[in-house]
1. For residues that are more than 28 Å from Val217 (Cβ to Cβ), open to solvent by less than 20 Å² (accessible area, probe 1.4 Å) and either modelled with pLDDT under 85 or not in a loop (DSSP other than H, G, I, E, B) (or both), tally how many sit in region 73-100.
2. Among the numbered criteria (1) surrounded by fewer than 18 Cβ atoms within 10 Å (Cβ to Cβ); (2) touching a residue at least 24 places away in the same chain (Cβ under 8 Å), which single criterion is violated by Pro121?
3. Considering every residue within region 137-150, establish whether at least one is assigned to a loop (DSSP other than H, G, I, E, B) and under 15 Å from Ala216 (Cα atoms).
4. For region 191-215, which positions are surrounded by fewer than 23 Cβ atoms within 10 Å (Cβ to Cβ) and in a loop (DSSP other than H, G, I, E, B)?
5. Consider region 52-66. How many of its residues are in a loop (DSSP other than H, G, I, E, B), in contact (Cβ under 8 Å) with a residue 40 or more places away in the chain and open to solvent by 60 Å² or more (accessible area, probe 1.4 Å)?
6. Is it the case, given these coordinates, that Pro110 is touching a residue at least 60 places away in the same chain (Cβ under 8 Å), touching a Gly at 6+ places or on another chain (Cβ under 7 Å) and within 30 Å of Asp58 (Cβ to Cβ)?
7. Select from region 222-271 the residues that are at pLDDT 90 or above, open to solvent by less than 60 Å² (accessible area, probe 1.4 Å) and in a loop (DSSP other than H, G, I, E, B) and write down the one among them that is farthest from Leu203 (Cα to Cα).
8. Report yes if Leu209 is of a type in the set (A, V, I, L, M, F, W, C) and either touching a strand residue (DSSP E or B) at 6+ places or on another chain (Cβ under 8 Å) or at negative phi (or both), otherwise no.
Amino acid sequence: MEPLSEDDPRRLGPYHLIARLAPGDDDPRAAARLFLARSAGGVRTVLISAPSAEFADDAAHRGRFLTEAENAWRLGGARPLACLAPVEISGDASDLPWSAFPYRPMLPLPGVLQVCGGPLPIRTVHALGAALAETLAEIHGAGLTHAGITPATVFVAGDGPWLGGFGAVRTVGPDGQARMGLSGLATDDLPPEQAAGGRPRPLGDVYALGAVLAYAVTGRRLPDAGELPRELRSIVLPCLAPDPADRPTAAALADGLTRGVRLPPPAGVTV
């Protein structure tokens, strides 16, 4: 957490901004700023996401940001694990758009590994992965793709894991534009089809989740296969298949993580 800078707004909608959450070491040029804020009278404390100063004057980016905030809001009726659902969103991309969601004490996954002194136990990674895969299955069942899963957008709170970063891939750049090296994207976790400019689809989320689990159990971004514990290789490696058709669905991944084995993807699965 750090003080507001000169480029940061002091108020968004009904909320007074208090401080800015500093980006992690892996994401120093994030496409969105995250603020701690309070409502009038301090009745409610929220986290607010808004485009970074780098994108504040980019009308196309502001429009994509608002679209993704609206999509995340649509998931608000699902059980809380489904996402960090905004409690409110701005309604006009001509101004600085924003989304707000309830504040809760939590750590991003890199912070969890730092506190734990290294990679997480295999059993913990199984439980984390199962919960996140179930979340993705719900998101995919609603006809949406998360398109923003990295270690920095996986949070661990007292009531379990939460997902942030909804729609980050779509927000940063339009389809058809190569996304390697774009500000705000952790390219190590980016599915190859999305890195090339393809539209984010559900099996891309599975790739990103596989990369997150590999990081959680080794402490390294996209480690070699031999670095993965034997108990997780048959689950994680298929998620990282270059061809999306060779990856399991989120539902199959959740089932495999729950049972400790991976189910093969259904025949004919395509992007």
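The values are calculated or read from the model by the stated rules, or taken from the named source; none is laboratory data. Since we're looking at a predicted model, the values are computed, not measured. Heads up, the Cβs are rebuilt from the backbone with ideal geometry, glycines too, and the neighbour counts pull from every protein chain shown. To get the accessible areas, we keep the full protein, side chains included, count just its heavy atoms, and leave off ligands, DNA and RNA. Shrake-Rupley method; radii C 1.70, N 1.55, O 1.52, S 1.80 Å.
1. Going through region 73-100 one residue at a time, the tally reaches 3.
2. (2)
3. Within region 137-150, one or more residues are assigned to a loop (DSSP other than H, G, I, E, B) and under 15 Å from Ala216 (Cα atoms).
4. Hits for region 191-215 are Ala196, Gly197, Gly198, Arg199, Arg201.
5. Initially, region 52-66 is screened for residues in a loop (DSSP other than H, G, I, E, B), giving 52, 56-58.
Now drop any that are not in contact (Cβ under 8 Å) with a residue 40 or more places away in the chain, which leaves 52, 56.
Checking the rest, the ones that are also open to solvent by 60 Å² or more (accessible area, probe 1.4 Å) come to none.
Number of matching residues: 0.
6. Numbers: touching a residue at least 60 places away in the same chain (Cβ under 8 Å): yes; touching a Gly at 6+ places or on another chain (Cβ under 7 Å): yes; within 30 Å of Asp58 (Cβ to Cβ): yes.
For Pro110, the condition - touching a residue at least 60 places away in the same chain (Cβ under 8 Å), touching a Gly at 6+ places or on another chain (Cβ under 7 Å) and within 30 Å of Asp58 (Cβ to Cβ) - is met.
7. Among those that are at pLDDT 90 or above, open to solvent by less than 60 Å² (accessible area, probe 1.4 Å) and in a loop (DSSP other than H, G, I, E, B), it is Pro229.
8. yes
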